[in-house]
Amino acid sequence: MPESRTRHLQRALAALVLDPVPPAGESFDGMREGLLAYRELARPSLVDPIEAMFPVTLALLEEEHAWTSCVDAFLEARCVPSPHHRDIAPAFLGWLARTGWGLDRWPFLLELVHWELMETLVYRFEDLPAPEGLAAAPGPGSRVVLDAAAQLVCYTHAVHLASEEAPRPAPGIVHLLACRDREGLFQALELTPATAYLLKEGASRPLGEVLEDLGIPDAGPTMAFLEDLRESGAVAGFTRSEP
């Protein structure tokens, strides 16, 4: 069935905004100048949220004269699921993960973009009350309950230390706890592999079992550390130990 004129115009308008080079064709006869002005207004509305969300990535790729080609490839893929600005940055991350754009040249690029997006999402996460019935202090039979906004992540580069001035992160495995403090400010806590294991496994298994896995006979310092995380806001509390 032939494509309707309305659908044809919709495709033409999408190409006008999303393609790196504005197309020519009969759809624009008599109104090309006005439509090009529309492109100049509409295209930045898609690009500006990406630049705002990923300033370190922007600095890295601009330094390498690759930012424009990256954004052009993303927009040309037409993978933004909605017109809402909040959906553009996650779509950019998803596109990068699917296509692997630039990863041969910057193997840390996907991790950097993921970290920048997560920093914003953790910071803006809805304030939710802690689950009821949690204990303030942990015990061997307790499980750790992280704050609802907190995220445990592991990267192959120190992306949390990258900056607009120095956007290339050093290689090396890093374990991070992304969270907010009591004032609602974003925090990135670098963890040892053992501590990362403790928090991950301790969310689903009794802490006493996890400490045995780690070969830690004296639970005192570990429990004190977990209480400090609760005081800081990274941990919501602990399930109550069985009597």
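Could you go through the range 116-138 and let me know if any residue there is more than 27 Å from residue 101 (Cα to Cα) and in the same structural domain as residue 219 (by TED's automatic domain parsing). No, that holds for no residue.
Among the residues making up the range 46-59, those that are in contact with a Leu (Cβ under 7 Å, 6 or more places away or on another chain) and among the aliphatic types (A, V, I, L, M) are 46, 53, 56. Residue 208 meets all of the listed conditions (1) closer than 24 Å to residue 124 by Cα; (2) in contact with a Pro (Cβ under 6 Å, 6 or more places away or on another chain) but one, namely (1). Residues in the range 115-130 that are out of contact with any strand residue (DSSP E or B) (no Cβ under 7 Å at 6 or more places or on another chain) and either free of Cβ contacts under 8 Å to residues at least 24 places away in the same chain or not in a helix (DSSP H, G or I) (or both): 121, 124, 125, 126, 127, 128, 129.
Is there a residue being under 21 Å from the mean Cα position of the chain (by Cα) and modelled with pLDDT of 95 or more anywhere in the range 204-224? Checking the range 204-224: not a single residue is under 21 Å from the mean Cα position of the chain (by Cα) and modelled with pLDDT of 95 or more.
Selection of the range 53-83 for residues being free of Cβ contacts under 8 Å to residues at least 60 places away in the same chain and polar (S, T, N, Q) yields 68, 69, 82. Counted as qualifying within the range 149-243 are the helices (runs of 4 or more DSSP H) with 1 or more residues that are of a type in the set (D, E, K, R), loosely packed, with under 12 Cβ neighbours inside 10 Å and free of Cβ contacts under 8 Å to residues at least 12 places away in the same chain, namely 220-232.
Taking the condition assigned to a loop (DSSP other than H, G, I, E, B), farther than 20 Å from residue 240 by Cβ and among the small types (Gly, Ala, Ser), does residue 141 pass? Spelling it out, it is not the case that residue 141 is assigned to a loop (DSSP other than H, G, I, E, B), farther than 20 Å from residue 240 by Cβ and among the small types (Gly, Ala, Ser).
The values are calculated or read from the model by the stated rules, or taken from the named source; none is laboratory data. This structure is a prediction, so every number in the text was calculated from the model and none was measured. We place every Cβ from the backbone using ideal geometry, glycine too, and count neighbours over all the protein chains shown.
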